[in-house]
1. What are the membrane-span-like helices in the chain by this rule: whole DSSP H runs, Cα extent along the axis at least 27 Å, mean Kyte-Doolittle hydropathy at least -0.5?
2. Using only alpha carbon pairs under 8 Å that are at least six residues apart, calculate the relative contact order of the stretch 22-155 and give it in whole percent.
3. With label points built 7 Å along Cα→Cβ from the Cα atoms of residue 20 and residue 113, find their separation and express it in nm.
4. Report the label-to-label distance for residue 53 and residue 75 in nanometres (one decimal), using points 7 Å from each Cα along the Cα→Cβ vector.
5. With +1 on the Cβ of every Lys and Arg and -1 on the Cβ of every Asp and Glu, and nothing else charged, how large is the dipole of the chain about its Cα centre, in debye rounded to the nearest 20?
6. Name the lysines eligible as straight-distance cross-link partners of residue 3: C-alpha to C-alpha under 25 Å, and not fewer than 8 places from it in the same chain.
7. What shape does the stretch 74-154 take by its C-alpha gyration tensor, where a ≥ b ≥ c are the square roots of the eigenvalues and a/c under 1.5 counts as rounded, a/b above b/c as prolate, and the rest as oblate?
8. If we count every other residue with Cβ under 12 angstrom of residue 112's Cβ, Lys/Arg +1 and Asp/Glu -1, where does the sum land?
Amino acid sequence: MVKVKRDQITGAVLVLLGLIVAVLVSQFRMPMTPSYPGPKMLPSIAVVGFIACGAGIFVESTLSKKEEKPFMLKAGWVRMGITVIVLAAYVLAMTFVGYLIATPVAAYVMTTLFAKGQKSTVKGRIIFSVLLTVIIYGIYVFAFGLGLPDGMLFY
């Protein structure tokens, strides 16, 4: 009986995701040109990365004779579930209160969630969350000239 390794599944999923994104990107109507690569550029780079890395992980795992260690304990699965819930709440919060309010709150919650067992102060996590928000805002608004969600409460 052939035992499928976890890394083989991971590699196959990455290749599959890359192919799905490639199909979605191919439906963009705006062409890529040297003067303006448009919205296809970054997703296309991601497609190459997903497929190349996924194939590499799959092949390496297939050729490896190492025995697998346990993937994640129950606490890790719980933390992953909480992360998904926080990210879903973040997307919903951005719809209502906008990027500038939702992002530092979500960043703080995420850093607190992943800071367990590490030396991390409340003050440090707050500073990180605010700086992250400001840097991303600056890049999107000033460097790229794009807008971020304002939230429905502020219309």
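Since every read-out is calculated from the coordinates, none of them should be taken as a lab result. Just so it is clear, the structure is predicted and the values come from calculations on it, not from any experiment. Using ideal geometry, Cβ is built from the backbone for each residue, glycine included, and neighbour counts are taken over all protein chains shown.
1. 6-26, 41-63, 74-97
2. 21 percent
3. Going by the 7 Å Cα→Cβ label model, 2.0 nm.
4. Calculated label separation equals 2.7 nm.
5. 540 debye
6. Straight-distance partners of residue 3: 65, 66, 69, 74.
7. It comes out oblate by the Cα gyration axes.
8. Charge balance near residue 112 sits at +3.
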